[in-house]
Amino acid sequence: MLGEGLRWDAWRGELLRVDIAAGQVFREQVAGDGSLVPVRTYQVPGTVGAVAPTEGDRGWILAAGLGFAVLDHEGPFRMIAEVASEGSRMNDGAADPQGRFWAGTVADHPGAAVLYRLERDGRVDPVLDGLTTSNGIGWSPDGRTMYLVDSGPRVIHAFDFDSAAGTMSAGRIVVTVREDVGAPDGLTVDAGGDLWVAIWGGGQVHRYSPSGELRQVLAVPAVQTTSCAFAGPGLHRLYVTTATEDWTDEERGADPKAGLVYRFDTDATGRPADPFRPEPAWWSSVVGR
């Protein structure tokens, strides 16, 4: 229904993704030919916007419902903190290179969405407000720049990133997608620093330079293109999720290419997802071991 949140878990060698609307988390291995081999699917309460591995293979951190949650290997789901306001929900998120987990919300009116940061000790801080649809998050290979999509105004922001403090400054817009093209959604940053961005409503993935120059367009056979990530051996294949959100059964039947996961062979090399790195004492109190 609403495929999203692709992340490559290098520790387990698995591709992670979610179906936001169905409340599902998927784990899949990548076969030699690039096809996806299901490992396990988890059903969680409500919606789930993002998933990230945790350091040491201790389950997964989720942006789910109105806040942050942990998903255990065997399926138990525990909320850590509910922070979002009623009328919104948690959306896309990612861990930074230092192990903090960031995720934002989708709001019911423009400017009401918020980006949150989950610290390694469990503290949650609001970091940036005034957003409409907080979406794809990523960092440059040197960790000095943080990228954030706001799909409502169709922009990609770049910020100077202080890795020690986990703070953003000097915000600027590096990409604005034309309304007739679509809206930026999920993104990933490759090893060379280029941004690969799914274009919602456009059936495309755009590749941008760090300064915002459009370098490549990949055509996706489904108009609601939602997220992308490099996965598998060598990290050369780009996987792309799509959606059929709010479609009727008749509409889905008429467009069987929608809602699937696609892959592209590229000339780029991706980067695995950074894991959430919780402080051991706090994490033990959360997971009970």
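When the stretch 133-175 is filtered for residues that are in contact with a His (Cβ under 8 Å, 6 or more places away or on another chain) and either aromatic (F, W, Y) or under 16 Å from G104 (Cβ atoms) (or both), the ones remaining, listed by number, are Y147, L148, V149, D150, G171.
Could you tell me which residue of the stretch 188-226 is nearest to A10 (Cα to Cα), considering only residues that are among the charged types (D, E, K, R) and part of a strand (DSSP E or B)?
If we filter the stretch 188-226 for residues that are among the charged types (D, E, K, R), which is where we start, we get 190, 194, 207, 213, 215.
So of that shortlist, the ones also part of a strand (DSSP E or B) come out as 207, 215.
Working: R207: 23, R215: 27 Å.
It comes out as R207.
In the stretch 130-157, the qualifying residues are those that are free of Cβ contacts under 8 Å to residues at least 40 places away in the same chain, part of a strand (DSSP E or B) and touching a Gly at 6+ places or on another chain (Cβ under 8 Å), and the one that is farthest from A64 (Cα to Cα) is H157. Can you confirm whether the stretch 101-111 contains a residue that is of a type outside the set (G, A, S), in contact with a strand residue (DSSP E or B) (Cβ under 6 Å, 6 or more places away or on another chain), surrounded by fewer than 23 Cβ atoms within 10 Å (Cβ to Cβ) and closer than 20 Å to V189 by Cβ? No.
All conditions in (1) at pLDDT 95 or above; (2) buried (at least 20 other Cβ atoms within 10 Å of the Cβ); (3) over 15 Å from the mean Cα position of the chain (by Cα) hold for R58, with the sole exception of (1). Scanning the stretch 168-184 turns up no residue that is at pLDDT below 95, farther than 18 Å from L2 by Cβ and not β-branched (V, I, T).
Quick grid of which residues meet (1) touching a helix residue (DSSP H, G or I) at 6+ places or on another chain (Cβ under 9 Å); (2) part of a helix (DSSP H, G or I):
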site: G186; (1), (2): no, no
site: C228; (1), (2): no, no
site: G234; (1), (2): no, yes
site: G259; (1), (2): yes, no
site: Y262; (1), (2): no, no
site: A268; (1), (2): yes, no
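Listed here are the residues, each with its yes/no results for (1) more than 23 Å from M79 (Cα to Cα); (2) crowded, with 20+ Cβ neighbours inside 10 Å; (3) of a type in the set (A, V, I, L, M, F, W, C); (4) in contact (Cβ under 8 Å) with a residue 60 or more places away in the chain.
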position	(1), (2), (3), (4)
E4	no, yes, no, yes
A10	yes, no, yes, yes
G13	yes, no, no, no
V18	no, yes, yes, no
V25	no, yes, yes, no
A31	yes, no, yes, no
S35	yes, no, no, no
P38	yes, no, no, no
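For the stretch 68-76, indicate whether the set of residues that are free of Cβ contacts under 8 Å to residues at least 24 places away in the same chain, out of contact with any Leu (no Cβ under 7 Å at 6 or more places or on another chain) and either among the acidic types (D, E) or under 21 Å from P272 (Cβ atoms) (or both) is non-empty. Yes, the conditions are met somewhere in the stretch 68-76. Please verify whether T241 is buried (at least 18 other Cβ atoms within 10 Å of the Cβ), β-branched (V, I, T) and closer than 22 Å to L62 by Cα, treating the condition exactly as stated. Yes, satisfied. Taken over the stretch 176-218, residues that are within 15 Å of A229 (Cβ to Cβ) and among the acidic types (D, E) amount to 3.
The values are calculated or read from the model by the stated rules, or taken from the named source; none is laboratory data. Note that the structure is predicted; figures quoted are calculated from it, not measured. Cβ coordinates were reconstructed from backbone atoms using ideal geometry, including for glycine residues, and neighbour counts include every protein chain displayed.
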